[in-house]
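The next block holds one structure in the form of structure tokens; read it before the comments.
The values are calculated or read from the model by the stated rules, or taken from the named source; none is laboratory data. Given the structure is predicted, the values throughout are model-derived calculations rather than measurements. Counting neighbours? That spans all protein chains shown, and the Cβs are built from the backbone with ideal geometry, glycine included.
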Amino acid sequence: MIDRRTMVAAGLIATLGGGAFAAEGGTGMYGMIGKITATPGQRDALARLLLSGSADMPGCLSYVVSEDLKDPDALWVAEAWDSKDSHAASLKLPAVRDAIAKARPLIAGFDAAAELKPIGGIGLGGK
């Protein structure tokens, strides 16, 4: 069942059983990264949908959708959030839910995925 855009992010990866590992509790930033495989020839359409649901997500520090240079049907989604709670709240946003519904038929599967605890980097506010 899809509960997120493309992954949402990465979001898609975790909620659709993309093999993400549960992060331990606590405060601090929360992140996800994963590979989504589109149905053949649908990578561009899937990327547009993933990005369409990513605007105005409170607490989202970074949301990057990238094309895999070796696999013409694969996308990588990397996300960073101010907290796991902000990520969970994003799943309820109408734009995210709409993007998920539209993306569902374009997804062939999920490969590598992980939940992360970002510790810093460009664009993360120096946390």
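For segment 52-88, enumerate the residues that are assigned to a strand (DSSP E or B) and among the charged types (D, E, K, R). Matches in segment 52-88: E67, E79. Considering D98, D111, the condition of being over 18 Å from G53 (Cβ atoms) and among the acidic types (D, E) is satisfied by D111 alone.
Would you point out the residue of segment 72-127, among those that are β-branched (V, I, T) and in contact (Cβ under 8 Å) with a residue 40 or more places away in the chain, that is surrounded by the fewest Cβ atoms within 10 Å (Cβ to Cβ)? Please lay out each step first, then the result.
At the first step, the residues of segment 72-127 found to be β-branched (V, I, T) are 77, 96, 100, 107, 119, 122.
Next cut, in contact (Cβ under 8 Å) with a residue 40 or more places away in the chain only: 77, 96, 100, 107, 119.
On the way: V77: 28, V96: 27, I100: 27, I107: 23, I119: 10.
My answer is I119.
Please enumerate the residues belonging to segment 7-51 that are part of a loop (DSSP other than H, G, I, E, B) and either in contact with an Asp or Glu (Cβ under 7 Å, 6 or more places away or on another chain) or at pLDDT 50 or above (or both). Before the answer, list the steps.
Step one: list which residues in segment 7-51 are part of a loop (DSSP other than H, G, I, E, B), which gives 16-29, 39-42.
A20, F21, A22, A23, G28, M29, T39, P40, G41, Q42, listed by residue number.
Evaluation of A103 against the conditions (1) out of contact with any Lys or Arg (no Cβ under 8 Å at 6 or more places or on another chain); (2) in a helix (DSSP H, G or I) shows that the sole unmet condition is (1). Residue count for segment 30-60 under the criterion of being surrounded by fewer than 21 Cβ atoms within 10 Å (Cβ to Cβ), more than 13 Å from the chain's Cα centre (by Cα) and among the aliphatic types (A, V, I, L, M): the result is 1.
Restricting S52, S66 to those that are on the phi < 0 side of the Ramachandran plot and touching a residue at least 40 places away in the same chain (Cβ under 8 Å) reduces the list to S52.
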